[in-house]
Each structure stands twice: as C-alpha cells, then as structure tokens.
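Q: Right, I'll just put the structure down here and ask away after.
The values are calculated or read from the model by the stated rules, or taken from the named source; none is laboratory data. Just so it is clear, the model here is predicted, and its values are computed rather than measured. All Cβ positions, glycine included, derive from the backbone under ideal geometry; neighbour counts span all protein chains shown. Side chains are part of the model used for accessible areas, which takes the heavy atoms of the whole protein and leaves out ligands, DNA and RNA. Shrake-Rupley method; radii C 1.70, N 1.55, O 1.52, S 1.80 Å.
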Amino acid sequence: MSTVTPMMQQYLEIKEQYKDCILFFRLGDFYEMFFKDAEIASRELEITLTGRDCGLEERAPMCGVPYHSADSYIARLVTKGYKVAICEQVEDPSQAKGIVKRDVIRVITPGTVTDSAMLEEKKNNYLLSVYRNKYYFGLASVDISTGELSATRIMWGDTVSKLTDEIAKISPSEIISNSEFFSDKKLVDTIRKRFGIYISQFDDNYYEEEFARKKIESRFDKKAIADKCGELAINAVGALLEYLEETQKVNLEHIRTITSYNIEDFMVLDAATRRNLELTQTMRENSKKGSLLWVLDRTMTSMGGRTIRKWIEQPLKDVSDINERLDAVEEFKEKFMVRMELRELLRRIYDIERLMTKVIFGNVNCRDLIALKNSIGQLPHIKNILSGCTAAMNRRNYEMLDTLEDIYNLIDAAIVDDPPVSVREGGIIKKGYNQEVDRLREAATQGRNWIAELERSEREKTGIKNLKVGYNKVFGYYLEVTKSYFHLVPDTYIRKQTLANCERFFTQELKELEETILGAEDKLVELEYRLFTEIRSRIANEIARIKTTASCIAETDVLCSLAEVADRENYCKPTVNDGEEISIIDGRHPVVEKMLEQENFVPNDTLLDMTENRLFIITGPNMAGKSTYMRQVALIVLMAQMGSFVPASEATIGVVDRIFTRVGASDDLASGQSTFMVEMSEVANILKNATRRSLLVLDEIGRGTSTYDGLSIAWAVIEFISDIKNLGARTLFATHYHELTELEGKLTGVKNYCISVKEDGDDIIFLRKIIRGGADGSYGVQVAKLAGIPDQVIERAKDILNQLEEANISRKETVRKRSSKPIEGQIDIFAALNVSEGKDEIVEELKKLEISNITPIDAMNILYKLQQKARNL
C-alpha cells in the first residue's frame with residue numbers, strides 16, 4: 001500500500017472497513033468506484049469502465065456516476081441485492097491540510113432504503129433479524145422508512161416451518177442473522193430461492209443477550225424489555241438496532257416502541273396458502289391486479305395502503321377485535337356522506353410516516369415540510385367529522401387524533417409556500433418570521449438604493465455637491481471628495497486613501513452598511529439554513545404525537561376503503577363467533593366476480609361444521625369452477641377475520657386458526673422437486689400442522705402419480721382428516737377420483753357435492769352451481785373440445801374412452817366372480833386389484849412376525865425374502 005497515491009490509500013483504507021459493499025467514493029462532482037467494485041458497477045449499471053493511475057504498475061479499473069443523479073444508480077444496485085456505502089468529503093476542501101478527509105456517511109442495503117423513489121408507496125420495506133438457538137428462533141423486523149419495529153419468537157412445534165411462514169408474511173427485503181442460522185446452508189438456500197431475499201451474517205457478539213439488553217435499554221426503557229421482548233426476541237432486537245446504527249449513522253428517534261406479538265395471535269397462513277389464494281399478488285404475473293388486495297384496496301393514503309396490506313396478511317383470531325373492525329366498517333358503509341367527505345380529505349394527505357423519517361434522518365427539504373403542513377391542515381376537518389361517529393374503533397381514532405395545530409402554525413409562519421428544492425441556497429424562510437432574515441434579505445436586494453440614499457444625504461449634510469460613494473474590491477465602499485471641497489469635510493470622516501486630485505474617506509455608518517451589503521447574501525443563506533434546522537428539530541421532537549396521528553389516519557383510511565368496497569360491491573356484514581359453523585349464503589369469489597365483464601358470477605352456498613358437514617368431496621369436470629368455489633370459501637373466511645364485509649348475502653363464520661391450501665400443480669425445478677413431490681410435501685405440512693379449528697382446501701390430491709397410487713393417497717388423506725381422533729377439520733376436497741364419492745355414509749361428516757353441468761349432445765354447458773351428490777363423469781373429452789383440440793383427435797379420444805370403459809366393466813365383472821369378499825378392513829374399492837394366493841402368503845408371514853424380538857439384520861433379511869416373493873408373483 002506504500003506505493004499507491006495518497007488518495008488511493010485513503011480509498012483502500014475505507015474500503016477495508018466495508019468489504020461487503022460497493023463503495024461510492026466522492027471525488028468532486030462524481031462518485032467513483034475502483035477495482036472490483038468498478039467492474040461490478042460497470043456491468044450492472046451498464047456504464048463505461050475506464051482506468052486511473054494510482055501508483056501501482058497497472059491502472060486501477062474505475063467507473064463513476066454524477067453525484068446529482070446517483071440515487072437512480074444506487075437504486076438499481078440495491079434492487080439487484082448489493083449493499084452500497086456512500087463515502088463523502090467530511091471537511092471543507094479550503095480548510096483541508098493535504099488530502100480532504102472522507103468517511104462513509106451511510107450504507108444503503110435492500111432492507112434500509114428510505115428514498116421514496118426506491119420504495120413502493122403502499123408497501124412496507126422490512127429488514128428482518130433472525131436469532132437461532134438450536135431449534136428456537138427470535139425474530140425482529142423493522143421498516144426504517146416508517147419507524148415500525150416488531151418482535152416475536154418461535155418456541156414450539158415445527159419451528160422451521162413456522163419460521164418460513166413468518167418470513168412469507170413479513171416479506172422482508174433483507175435478512176441478517178447469527179452464525180448458527182447462517183450456517184444452516186440448506187435452510188438459507190431454501191429461503192433465498194423461495195423468497196428471493198438478500199441474507200447475510202451479522203456479528204454474533206451483537207446477538208449476545210447482555211449486549212442486546214444494554215442496546216435496547218439505551219433506546220427504550222427497561223419496561224419495554226420486560227413487556228415487549230421475551231427470551232430470544234431480545235437477541236434479535238439488539239442486533240437489529242446495532243445493524244441500523246452501523247449502516248445509517250444517524251439518530252433513529254422515529255423508532256419509538258417495540259411491538260411484541262405471538263404468531264398464534266393471528267390466523268396462520270403458510271407460504272403456499274398466501275400464493276394459492278393470491279392475497280397480494282397473482283401467481284402467474286406477480287401483479288397486484290387480480291389479487292384480493294387489488295379488490296379491497298381503495299385507500300387514499302400511502303399509510304392506509306400499507307395498513308390494509310397488513311390486515312390482509314395477518315387476519316385476526318380474537319372475536320371481539322374482529323367485530324370491533326366490522327362495526328367500524330358498518331358505520332362508514334351506512335353513513336355515505338361521512339365516508340365521502342373523509343375520503344376526499346384523506347386524498348390530500350401525504351405519507352406522514354415517511355416524511356417524518358426524512359425529518360429524523362435530516363434529509364427533509366422545505367417542499368416536504370409544506371407537504372407535511374398541507375397534510376396536517378386536513379386533520380381538524382377529519383377530527384370534526386369523526387366526532388359524530390359512535391363505533392368503538394372510530395371513536396378511539398377520534399380521541400387519539402391530534403390536530404397538530406402548533407406544528408401547522410410553525411411551518412406556515414416559517415416556510416414560504418413555494419420553496420426551492422435545496423435548503424442551502426436561501427429563499428426558504430417567510431417574511432416576518434425572523435427580523436434578521438428580513439434585514440439581510442432587504443440588504444441583499446436593496447443595497448444599491450441604500451448607497452444612493454447615503455450619497456444624497458451626505459451631500460446635503462456637508463454641502464459637498466460632487467461627493468460620491470464609490471467601490472472597489474481592494475478598499476470596498478468609500479466617500480470620494482475632490483480637493484476643492486476639502487474644507488467642508490466633517491471630522492467624522494476617516495481618511496482611507498489619498499489620490500492626486502481627491503481624497504477617499506469612510507464613516508462608521510458606511511462601514512456598517514458595507515458589511516451589511518457585502519455579507520448579506522452569504523449570511524442570509526447561512527441564517528436561513530440554521531433556522532430551517534431549528535424548525536426541523538422542533539418538528540422532530542413531536543415525533544410521538546405525529547406517529548400516533550398517522551396511525552389513526554391509516555386506520556380510518558382502511559375502514560373507509562373497506563366500507564367503500566362493501567357498499568359498491570354489495571357485500572354483507574358477516575357474523576363472526578367462536579362457533580364451529582361456516583355458513584355462507586350466495587357466496588361469491590371477490591376477485592373473479594370483479595374480473596368478469598360479460599357475465600354475472602353464479603353465487604353458491606356453503607355449510608361446513610365439525611359434526612355432520614366436516615368434509616365436502618367435490619367432483620365435476622375441469623373448468624366447471626371447483627377451484628374457484630373452494631378459494632372463494634377460504635377468501636370469505638379470511639376477509640371476515642380481517643374485519644371486512646364479505647361477498648355474500650349472508651355469512652356466519654366460526655373463527656379458524658389456520659387456512660391451508662393445496663391447489664394447482666407446479667414443478668419446483670430449482671430444488672429438483674417434481675409436481676408430485678411438491679404436492680406431497682404440502683400435504684405432509686398440512687397433516688402435521690393443521691388443527692381441528694383449521695380450514696383445509698385440497699384440490700386434486702394424488703393426481704401427479706399413477707391412478708391407483710393417487711387414489712390410494714387421496715382416500716387415506718380423507719380418512720385421516722375426517723377422523724376426529726386425528727384431525728376433524730373443516731375441509732373442501734376436490735377430486736376427479738369418482739370412486740371417493742363412496743365414502744359418504746361410510747365416514748362420518750363426509751358429504752358429496754358436485755358442480756352441475758348441462759349436456760347438449762356432445763357439448764356441455766357449465767352451470768357453475770354446486771349441488772349435493774357426485775358428478776356423473778369428468779367430461780374430459782368435452783372439455784378438450786371446448787379448448788380447441790382438433791375434431792380428429794376428439795373423435796379418436798371418444799373411441800378409446802369407450803373401449804377403456806367396456807374393458808373396465810368386463811374386468812370388474814371378472815373380479816366380482818373371483819373375489820368372495822372385499823379386502824379385509826377396507827371398503828371394496830380396490831376389489832379390481834384381486835389379492836392372489838401369493839399375496840395372502842406374504843400377508844400371513846407379516847402377521848406372524850414378532851417385531852420386538854427381531855434384530856435389524858434379521859429384519860433386513862426377512863424384508864429381502866418377502867421382496868423376492870413379491871417380485872415372483
């Protein structure tokens with residue numbers, strides 16, 4: 001390093017501290033990158049790679065971007081998963097001795113973005129800290145753009161599955177973790193691939209409980225630790241706060257509280273269910289349009305948009321909390337004019353939460369403060385309208401809403417109505433706010449008039465008719481008097497310069513005027529900036545009041561949005577209780593109904609309970625609407641528990657603790673899993689984690705393998721779920737295995753339903769109505785015809801189908817003659833398989849085995865012999 005230039009040595013020393021970042025190194029009007037950073041940035045940003053002499057044998061690879069347009073380049077790098085360290089000059093170049101001092105002022109990572117241009121308005125940007133201790137996890141998540149900090153822990157059950165479910169819910173942009181978590185490569189790789197999240201290891205020392213406790217105590221009171229941070233969560237929160245301090249290098253006063261929660265307080269939705277129900281984005285295009293959020297989000301503010309997303313992502317389980325939301329929505333739905341007036345006022349409110357983050361971070365400008373003022377200006381009107389509300393939640397928001405009139409008055413008195421973008425170029429403080437600003441501003445603009453007035457008055461006082469006020473850069477302002485008038489020069493004049501034909505003087509008044517005029521502009525800019533920082537600090541000191549008000553505004557916005565949707569889409573208020581019944585009259589799919597343009601949605605009824613109607617076996621052809629019907633039931637339950645009205649004419653919802661879905665088929669090629677393997681993994685997860693109060697939506701279990709294997713699995717799954725001793729959960733089970741309809745009457749709580757169709761010759765018409773009973777057939781050939789398969793193929797398919805059906809009938813007759821009784825212990829669905837004498841022999845041998853007395857090697861030998869016998873059958 002001794003051979004490199006001083007500037008490059010400085011760069012290398014700073015880069016050594018930020019090895020995992022791309023270092024934006026400020027040189028004049030550019031941010032420059034060198035060596036490996038330059039090569040990466042050149043490739044990712046598609047900018048020219050050049051070189052720079054640095055004292056080494058070879059020129060250092062270099063590329064750069066203009067500082068005034070750096071934000072867009074930083075955003076592109078962060079979006080691609082890179083960390084960017086911003087290195088600025090931290091001393092005035094004119095005051096520097098030698099090379100200008102530089103230091104990193106901030107590290108921007110995917111989870112610490114605050115620039116509004118890099119963020120989605122209606123979506124939180126979370127950073128997640130994970131602390132792992134054996135099988136247990138502590139989690140802490142923060143959105144530094146809003147100051148929201150939450151913590152929880154995972155202590156029992158399938159903790160890894162719960163962790164991935166929680167990550168799916170939080171949807172962080174970045175995860176930091178201790179080494180124990182990070183060293184589990186399989187788990188880390190799975191999370192990276194499934195969620196596309198940037199994951200890095202953070203120093204274990206910061207996850208130590210003693211360090212974490214002190215870190216939390218330095219920011220919050222001790223009661224916050226006792227009440228909000230239990231075991232494991234403390235470790236995650238402490239490390240998270242340290243990471244923020246290291247990367248942001250600013251005071252994080254907007255993070256005021258820790259919100260602690262238990263995962264079990266909310267309805268649990270695993271990653272597959274969130275994807276299958278398309279809660280916030282569609283499966284195919286990952287777009288908001290076509291999702292439940294798209295239907296329900298009619299919020300007017302960014303804060304409301306983030307809050308409604310949160311409500312959808314984590315529905316409630318507490319009946320009183322759910323009904324409190326429903327009552328508030330009902331009030332706004334019934335009071336049309338109140339809702340309309342509120343929505344019009346909310347439309348004028350900017351993102352107060354993120355504006356306050358800019359205030360705390362010190363990068364707010366005067367236009368942001370005017371936006372804050374205009375937002376606060378709507379609050380008295382909103383509070384006045386809410387005063388007439390009676391629902392508990394609306395009443396609480398009214399009482400907690402602070403109109404912040406003092407902050408409005410401060411900004412209104414201090415900041416001009418149309419300020420420039422920069423806060424360092426003056427022109428931002430209003431006339432009348434500060435006398436010195438007014439005087440300096442007048443000096444800067446009226447200086448020439450003052451000089452002319454002084455010249456006139458001095459002529460009158462002295463009688464020197466040709467006296468004039470002059471100026472040069474060396475002597476400044478002066479009074480010039482010719483020799484013929486020397487005798488009239490008063491004693492108050494002080495000689496400044498003698499020339500051949502005249503003398504130059506100054507007075508104390510002229511000197512003060514000179515100082516005022518010459519320094520006015522610089523002093524004005526400096527004073528305006530100082531006043532601006534004082535105003536910023538005064539606003540920052542009120543962060544707690546402002547955040548509380550922002551929360552009230554966000555909730556009111558969401559409640560109005562849900563009321564608006566309910567009113568326009570003809571939704572009903574559901575009855576939500578702790579009972580076991582899910583009863584829906586004329587239920588509709590909220591998204592499909594909205595997407596239909598040419599036809600009306602056909603509503604359907606549902607009655608699920610935990611006794612006689614536990615499990616619906618739903619049959620019918622493809623495209624008939626089985627999946628739509630099942631998803632609609634799940635979405636109606638979810639909407640009710642988030643506090644929304646539902647698309648039905650009447651609904652009673654007995655609260656569910658989880659919704660599980662196994663819908664559709666997709667190969668997970670990245671992890672080498674086939675469609676069937678993915679399906680079985682999801683089914684295994686459901687059977688292990690579902691409870692009696694869960695709602696299960698299962699679509700075509702077993703279709704990814706051979707007919708008999710698939711049928712066997714589907715059959716066994718139904719038996720397991722319907723048995724109260726095992727599970728007994730409310731379930732919708734769609735299938736093409738018509739043999740399963742035989743289970744009604746043989747398994748308690750199982751009922752057959754089908755989607756009705758109308759046959760018209762070789763064609764079919766989907767009636768979309770669910771009715772009792774099993775379907776007559778799958779109508780696969782007719783569906784193929786509707787899909788546009790050539791007639792030649794369709795006709796051939798009919799011939800083959802007829803042959804197969806005749807062969808199947810003949811085989812069943814043969815089996816019936818040969819088999820005297822059904823397979824022992826089971827219903828006679830597999831009679832066609834015919835248990836041969838050889839198989840009976842194997843079964844008998846297995847029955848006689850005394851497993852407790854067999855050694856492992858004996859077991860292997862016996863298993864080998866039985867296998868050989870089976871192969872010879």
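Q: Of the numbered conditions (1) among the hydrophobic types (A, V, I, L, M, F, W, C); (2) more than 29 Å from Ile360 (Cα to Cα); (3) in contact with a Pro (Cβ under 8 Å, 6 or more places away or on another chain), Ile428 fails exactly one; give the number of that condition.
A: Of the numbered conditions (1) among the hydrophobic types (A, V, I, L, M, F, W, C); (2) more than 29 Å from Ile360 (Cα to Cα); (3) in contact with a Pro (Cβ under 8 Å, 6 or more places away or on another chain), the odd one out for Ile428 is (2).
Q: When you look at Glu425, is it more than 27 Å from Arg343 (Cα to Cα) and outside any loop (DSSP other than H, G, I, E, B), yes or no? Before you say what the answer is, go through the steps one by one.
A: Values: more than 27 Å from Arg343 (Cα to Cα): yes; outside any loop (DSSP other than H, G, I, E, B): no.
Considered against the rule, which asks whether it is more than 27 Å from Arg343 (Cα to Cα) and outside any loop (DSSP other than H, G, I, E, B), Glu425 comes out as no.
To keep it simple, each residue is scored yes or no on (1) out of contact with any His (no Cβ under 7 Å at 6 or more places or on another chain); (2) β-branched (Val, Ile, Thr); (3) modelled with pLDDT under 95.
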residue	(1), (2), (3)
Ile553	yes, yes, no
Thr556	yes, yes, no
Asp567	yes, no, no
Val576	yes, yes, no
Glu580	yes, no, yes
Pro590	yes, no, no
Met595	yes, no, yes
Val602	yes, yes, yes
Gly620	yes, no, yes
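Q: Report yes if some residue within the range 762-783 is at pLDDT 75 or above, open to solvent by 40 Å² or more (accessible area, probe 1.4 Å) and either of a type in the set (Phe, Trp, Tyr) or more than 26 Å from Gly625 (Cα to Cα) (or both); otherwise report no.
A: No, every residue in the range 762-783 fails to be at pLDDT 75 or above, open to solvent by 40 Å² or more (accessible area, probe 1.4 Å) and either of a type in the set (Phe, Trp, Tyr) or more than 26 Å from Gly625 (Cα to Cα) (or both).
Q: Additional query: Name every residue in the range 487-504 that is assigned to a loop (DSSP other than H, G, I, E, B), farther than 15 Å from Leu454 by Cα and open to solvent by less than 40 Å² (accessible area, probe 1.4 Å), in order of residue number.
A: Across the range 487-504, the qualifying residue is only Val489.
Q: From (1) under 30 Å from Ile255 (Cβ atoms); (2) touching a Cys at 6+ places or on another chain (Cβ under 8 Å); (3) open to solvent by 40 Å² or more (accessible area, probe 1.4 Å), pick out the condition that doesn't hold for Pro420.
A: It is condition (1) that Pro420 fails.
Q: Return the only residue of Glu264, Glu231 being of a type outside the set (A, V, I, L, M, F, W, C), surrounded by fewer than 19 Cβ atoms within 10 Å (Cβ to Cβ), under 22 Å from the mean Cα position of the chain (by Cα) and at pLDDT below 90.
A: Numbers: Glu231 fails: under 22 Å from the mean Cα position of the chain (by Cα).
Every option except Glu264 fails the conditions.
Q: Still on this model: Could you please find all residues in the range 456-486 being loosely packed, with under 14 Cβ neighbours inside 10 Å and of a type in the set (A, V, I, L, M, F, W, C)?
A: Of everything in the range 456-486, those that are loosely packed, with under 14 Cβ neighbours inside 10 Å and of a type in the set (A, V, I, L, M, F, W, C) turn out to be Val474, Phe475, Phe486.
Q: Same structure again: So if I check each of Asp412, Asp406, Asp417, which one is under 27 Å from Ile144 (Cβ atoms) and out of contact with any Ser or Thr (no Cβ under 8 Å at 6 or more places or on another chain)? Lay out the reasoning, then the answer.
A: Working: Asp412 fails: under 27 Å from Ile144 (Cβ atoms); Asp417 fails: under 27 Å from Ile144 (Cβ atoms).
After applying the criteria, what remains is Asp406.
Q: Do any residues in the range 234-260 that are under 21 Å from Gly362 (Cα atoms) and among the hydroxyl-bearing types (Ser, Thr, Tyr) have Cβ atoms under 6 Å from those of residues that are outside any loop (DSSP other than H, G, I, E, B) and open to solvent by less than 60 Å² (accessible area, probe 1.4 Å), where the two are at least six apart or on different chains, and which pairs are they?
A: Partner pairs satisfying both residue conditions: Tyr243/Ile176; Thr247/Val107.
Q: Specify the residue that is nearest to Lys626 (Cα to Cα); the eligible residues are those in the range 701-733 that are within 40 Å of the chain's Cα centre (by Cα), open to solvent by 30 Å² or more (accessible area, probe 1.4 Å) and at pLDDT below 85.
A: Arg703
Q: Inside the range 334-413, counting only helices (runs of 4 or more DSSP H) that do not spill past its ends, which hold 2 or more residues that are among the small types (Gly, Ala, Ser)? Working first, answer last.
A: Working: elements: 336-346, 352-361, 366-376, 379-386, 392-400.
Of the helices (runs of 4 or more DSSP H) lying wholly inside the range 334-413, those with at least 2 residues that are among the small types (Gly, Ala, Ser) span 366-376.
Q: Is one or more of the residues making up the range 33-47 part of a helix (DSSP H, G or I), farther than 30 Å from Val558 by Cβ, touching a Ser or Thr at 6+ places or on another chain (Cβ under 8 Å) and polar (S, T, N, Q)?
A: Pass one, the range 33-47, residues part of a helix (DSSP H, G or I): 35-45.
If we keep only those that are farther than 30 Å from Val558 by Cβ too, we end up with 35-45.
With touching a Ser or Thr at 6+ places or on another chain (Cβ under 8 Å) added as a condition, the list becomes 42.
After this cut, where a residue has to be polar (S, T, N, Q) as well, the list is 42.
Yes: the range 33-47 contains one or more residues that are part of a helix (DSSP H, G or I), farther than 30 Å from Val558 by Cβ, touching a Ser or Thr at 6+ places or on another chain (Cβ under 8 Å) and polar (S, T, N, Q).
Q: If the Cβ limit is 7 Å and pairs must be 6+ apart or interchain, which residue in the range 734-753 that is closer than 23 Å to Arg631 by Cβ pairs with which residue that is surrounded by 18 or more Cβ atoms within 10 Å (Cβ to Cβ) and of a type in the set (Phe, Trp, Tyr)?
A: Leu740/Trp715; Lys751/Phe616; Tyr753/Phe616
Conditions tested, residue by residue: (1) within 26 Å of Met300 (Cβ to Cβ); (2) surrounded by fewer than 23 Cβ atoms within 10 Å (Cβ to Cβ).
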{"position": "Val104", "(1), (2)": "no, yes"}
{"position": "Leu127", "(1), (2)": "no, no"}
{"position": "Ala140", "(1), (2)": "no, no"}
{"position": "Ser145", "(1), (2)": "yes, no"}
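Q: Next question. Do you know which residues across the range 270-289 are closer than 19 Å to Ile191 by Cβ, open to solvent by less than 80 Å² (accessible area, probe 1.4 Å) and part of a loop (DSSP other than H, G, I, E, B)?
A: In the first step, residues of the range 270-289 are kept if they are closer than 19 Å to Ile191 by Cβ; the result is 270-275, 280-281, 286.
Now restrict to residues that are open to solvent by less than 80 Å² (accessible area, probe 1.4 Å): 270-274, 280.
The answer is Asp270, Thr280.
Q: Follow-up question, since we're still on this one. Could you grab me the full set of residues in the range 76-97 that are of a type in the set (A, V, I, L, M) and either assigned to a strand (DSSP E or B) or open to solvent by 20 Å² or more (accessible area, probe 1.4 Å) (or both)? Lay out the reasoning, then the answer.
A: First, pick out the residues of the range 76-97 that are of a type in the set (A, V, I, L, M): 77-78, 84-86, 90, 96.
Within the range 76-97, Val84, Ala85, Ile86, Val90, Ala96 qualify.
Q: Turning to a different aspect of this structure: What pairs can you find where one residue is in the range 621-635 and under 17 Å from Glu650 (Cα atoms), the other is of a type outside the set (Val, Ile, Thr) and in a helix (DSSP H, G or I), and their Cβ atoms are less than 8 Å apart, with a gap of 6+ or different chains?
A: Sorted first by the residue in the range 621-635, then by its partner, the pairs are Gln632/Pro590; Leu635/Leu292; Leu635/Pro590.
Q: Being at pLDDT 75 or above and open to solvent by 80 Å² or more (accessible area, probe 1.4 Å), is that true of even one residue in the range 804-825?
A: At the first step, the residues of the range 804-825 found to be at pLDDT 75 or above are none.
There is no residue in the range 804-825 that is at pLDDT 75 or above and open to solvent by 80 Å² or more (accessible area, probe 1.4 Å).
Q: Also, quick follow-up: For Met337, all conditions in the list (1) in contact (Cβ under 8 Å) with a residue 60 or more places away in the chain; (2) farther than 23 Å from Glu148 by Cα hold save one; what is the number of the exception?
A: (1)
Q: Do any residues in the range 135-151 that are more than 20 Å from Ser179 (Cα to Cα) have Cβ atoms under 7 Å from those of residues that are of a type in the set (Lys, Arg) and in a strand (DSSP E or B), where the two are at least six apart or on different chains, and which pairs are they?
A: none
Q: Still on this structure: Looking at the range 511-532, I want the residues that are more than 16 Å from Gly427 (Cα to Cα) and have a partner that is crowded, with 18+ Cβ neighbours inside 10 Å and at pLDDT 85 or above with Cβ atoms under 6 Å, at least 6 apart or on another chain. Which pairs are those?
A: Pairs found: Glu514/Tyr477.
Q: Do we find that Lys769 is part of a strand (DSSP E or B), more than 19 Å from Lys688 (Cβ to Cβ), under 38 Å from the mean Cα position of the chain (by Cα) and among the basic types (Lys, Arg) in this structure? Quick ask: steps written out before the conclusion?
A: Values: part of a strand (DSSP E or B): yes; more than 19 Å from Lys688 (Cβ to Cβ): yes; under 38 Å from the mean Cα position of the chain (by Cα): yes; among the basic types (Lys, Arg): yes.
For Lys769, the condition - part of a strand (DSSP E or B), more than 19 Å from Lys688 (Cβ to Cβ), under 38 Å from the mean Cα position of the chain (by Cα) and among the basic types (Lys, Arg) - is met.
Q: Within the range 328-346, restricting attention to residues that are out of contact with any Leu (no Cβ under 6 Å at 6 or more places or on another chain), under 23 Å from Pro574 (Cα atoms) and of a type in the set (A, V, I, L, M, F, W, C), which residue is surrounded by the most Cβ atoms within 10 Å (Cβ to Cβ)? Full working, then the answer.
A: So in the range 328-346, the residues out of contact with any Leu (no Cβ under 6 Å at 6 or more places or on another chain) come out as 330-331, 333-346.
The next check asks that each one be under 23 Å from Pro574 (Cα atoms); those that pass are 330-331, 333-336, 338-339.
Those left that are additionally of a type in the set (A, V, I, L, M, F, W, C): 336, 338.
Details: Phe336: 12, Val338: 18.
That would be Val338.
Q: What residue, of Asn501, Asn577, Asn541, Asn570, is of a type outside the set (D, E, K, R) and on the phi > 0 side of the Ramachandran plot? Working first, answer last.
A: Values: Asn501 fails: on the phi > 0 side of the Ramachandran plot; Asn577 fails: on the phi > 0 side of the Ramachandran plot; Asn541 fails: on the phi > 0 side of the Ramachandran plot.
When all the criteria are applied, what remains is Asn570.
Q: Of these, Thr533, Thr516, Thr549, which one is open to solvent by less than 40 Å² (accessible area, probe 1.4 Å), within 16 Å of Ile451 (Cβ to Cβ) and either among the β-branched types (Val, Ile, Thr) or at pLDDT 90 or above (or both)?
A: Working: Thr533 fails: within 16 Å of Ile451 (Cβ to Cβ); Thr549 fails: within 16 Å of Ile451 (Cβ to Cβ).
Unique residue meeting the criteria: Thr516.
Q: For the range 111-149, give me each residue that is assigned to a strand (DSSP E or B) and under 16 Å from Thr257 (Cβ atoms). Reasoning before the result, please.
A: Looking only at the range 111-149, we keep the residues that are assigned to a strand (DSSP E or B), and these are 127-133, 136-143, 148-149.
Within the range 111-149, Ala140, Ser141, Val142, Asp143, Glu148, Leu149 meet the criteria.
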